[in-house]
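Structure first, then comments.
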Amino acid sequence: MAAKTHSPIHGLLAEFDKPEALVEAARQARAAGYTKVEAFSPMPIHALDGVLGLKNRLPFFVLAGGITGMLTGAALQYWTSVIEYPTDIGGRPWLSWPAFVVPMFETTILFAALTAVFGMLIMNGLPQPYHPLFHVKRFAEATRSRFFFLIEAEDPKFDLPSVREFLARQKPTSIEEVPN
Amino acid sequence: MNNDLRSKLDRIQRTALVVGALGLLLVAWGFVSDRGQFYRSYLFAFTCVAMFGLGSLALTMIHYLTGGFWGLAIRRQLEAGIRTLPLVGLMFVPVALAIVTQPEPGAAAAHGEHGLAGNYWLYPWTDHALVASDHLLHHKEPWLNVNGFLGRTILYFVIWLAMGFGILRAARKFDETGDPAAEKRAKYISGPGVLIFALTITGAAFDWMMSLDPKWYSTMYGVIYMVGCGLAAMAFSVVFTSWVKDHEPYPAFAKGPLFHDLGTLMFAMTMLWAYTSFSQGLIIWSGNIAEETPWYLVRAETSWQIVLIALAVLHFALPFFLLLMRRIKRDASFVVPVALLLLVMRHVDMYWQVVPVFHPTALAPHWMDFAAPVGLGGLWLAFFLNRFKAHPVTSPRHDTAVQAALGHAHH
């Protein structure tokens, strides 16, 4: 960590009391060219995905996981039934693929489900025992009744006075510096 | 209903009626020139067209139990689908004719995977001499006999009509008075109704289709037909919604999210169809006994195999991957072609289920195999549109429910 020169603050956090105000602030911030931004809300706001330009790539990983699972199931059964331990069952050929389909289906679901759970955790950056936002006392309200919008100090356009002025124009109920 | 929508539906209805009448005319000529082939093609066409009326009834009952935006949005078309059931019942008459009559001796049929030679149009068990000489058919006679078959089919239709029109009456009363007891009555019919429907349609599938080869049996058979009915009605709903989506009151809700919901349900039923169809094959393949396997030997080891491969690819794999994608489901211009493909494949599936028993050595399509479904389908569609237009699309209470569900489902 020593190599990285830390900015003294993590970012600037604005608090809103309505979801519409949060969505509007996010829209303005994107329009103003800020890219390292984050929105926090106690409930899902579908409009935010589009405004923040969030792309969910998890479905593709889940599909890839499912296909991997299917191929794994096929390979496992091919190996046991044809190569390693061929067994005569009612005179059927070693490669009796109809019997393989059900286990292949199961491994498809298994791999896809595990990819979904762990992919979600990894892409969300969880578990995360520490986050600079925890320094802000009022941020606990993000799980209950308040809506927060953060512009991070890492943003290339970040300049404390101008960001503060920009956020103030969005009429938040409060603005706080988030220490790093 | 506004005039734009009415004239558009009038146009479709006219086309359907003309095309259907042409098909029926051809088939009527077939009745005179080649009666055996007529009955075979007609039975196939009947099992296809029945799917849409029966599927509408099933989806309506399921929706009364589960609720949800999708079902409210397509309720009017499902109700029109239920109103076609009397016509479907009427369409059974030629099949009944094939059971109460017999061909001239000498024009005897010998179809079936088990090669049951005898004097019958469709069902080997209608030939008394054959039944008397075949121990297994004789043993099954208490169930498979002419009066029992006709009585059961009449009973099935009476039950379906009673449930369907009972729900329609309760729904209309709710629309007119807002009486919550009326809507509750529709739900009370639907609860046991779903169970009764599953039992009756299983019986119907066993009678109409499975008994074509009275020595073959599969307990899964009824479920496959039932799922096929639901899928056919759902795919038709997608197509119909695309016809009406630009006309009041549909633009308010017949948009991306609705097509997404219908597409997802179509996806689920496509998977269920594949699951049940494959399971039946897997069970019979695993059991590997001489009573059961001939059904699949005919359908998978002769030139009928082409149809089986087409089903696997076009009835399952392709729609599966297409409907996996949200962008396709949300866009009417993408999801409607998928629904049309599934509608065609529903017919191909019924063809593969019903017809090979008559041509067990090779795939041998006859022109009546095309004319009959076009004739019955066209007539059904025209009647469906006639019924749809005869009843109000909107009612204040229905609109409120749609709006509430819309707000709830999609922000």
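The table below lists the values:
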read-out	value
Among the residues listed as B:Ala254, B:Ala235, the single one being more than 14 Å from chain A (Cβ to nearest Cβ), part of a loop (DSSP other than H, G, I, E, B) and within 22 Å of B:Ser56 (Cα to Cα)	B:Ala254
Residue check for B:Asp331: more than 14 Å from chain A (Cβ to nearest Cβ) and modelled with pLDDT under 95	yes
Residues within the range B:319-344 that are in contact (Cβ under 8 Å) with a residue 60 or more places away in the chain, surrounded by fewer than 18 Cβ atoms within 10 Å (Cβ to Cβ) and part of a helix (DSSP H, G or I), tallied	3
Residue among A:Gly125, A:Gly90 that alone is at pLDDT below 90 and more than 30 Å from A:Ala31 (Cα to Cα)	A:Gly90
Check on B:Leu65, closer than 30 Å to B:Phe253 by Cβ and surrounded by 24 or more Cβ atoms within 10 Å (Cβ to Cβ)	no
Members of the range A:90-142 that are among the acidic types (Asp, Glu) and more than 15 Å from A:Gly66 (Cβ to Cβ)	A:Glu141
Elements of type helices (runs of 4 or more DSSP H) in the range B:82-148, at least 1 residues being modelled with pLDDT under 95 and closer than 27 Å to B:Gly30 by Cα	B:93-100, B:128-133
Any hit, the range A:128-140, residues being away from chain B (no Cβ under 14 Å) and in contact with a His (Cβ under 6 Å, 6 or more places away or on another chain)	yes
Every residue from the range A:16-54 that is exposed (fewer than 15 other Cβ atoms within 10 Å of the Cβ), acidic (Asp, Glu) and closer than 23 Å to A:Phe158 by Cβ	A:Glu38
Residue in the range B:366-376 that is touching a residue at least 40 places away in the same chain (Cβ under 8 Å), touching a Cys at 6+ places or on another chain (Cβ under 6 Å) and assigned to a helix (DSSP H, G or I) present	yes
Selection from the range A:123-148 of residues that are in contact (Cβ under 8 Å) with a residue 40 or more places away in the chain and farther than 30 Å from A:Val62 by Cα	A:Pro132, A:Leu133, A:His135, A:Val136, A:Arg138, A:Phe139, A:Glu141, A:Arg144, A:Ser145, A:Arg146, A:Phe147, A:Phe148
Number of positions in the range B:272-290 that are in contact with a Phe, Trp or Tyr (Cβ under 7 Å, 6 or more places away or on another chain) and either of a type in the set (Gly, Ala, Ser) or within 28 Å of B:Leu72 (Cα to Cα) (or both)	2
Residues satisfying the stated conditions in the range B:257-292, i.e. away from chain A (no Cβ under 11 Å) and not in a helix (DSSP H, G or I)	B:Ala290, B:Glu291, B:Glu292
Out of B:Leu137, B:Leu150, B:Leu116, B:Leu122, sole residue that is farther than 18 Å from B:Glu291 by Cβ, in contact (Cβ under 8 Å) with a residue 60 or more places away in the chain, surrounded by 13 or more Cβ atoms within 10 Å (Cβ to Cβ) and of a type in the set (A, V, I, L, M)	B:Leu122
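The values are calculated or read from the model by the stated rules, or taken from the named source; none is laboratory data. All of these numbers come straight from a predicted model, not from anything done at the bench. Quick reminder, even Gly has a Cβ in these numbers, built from the backbone with ideal geometry, and neighbours come from all protein chains shown.
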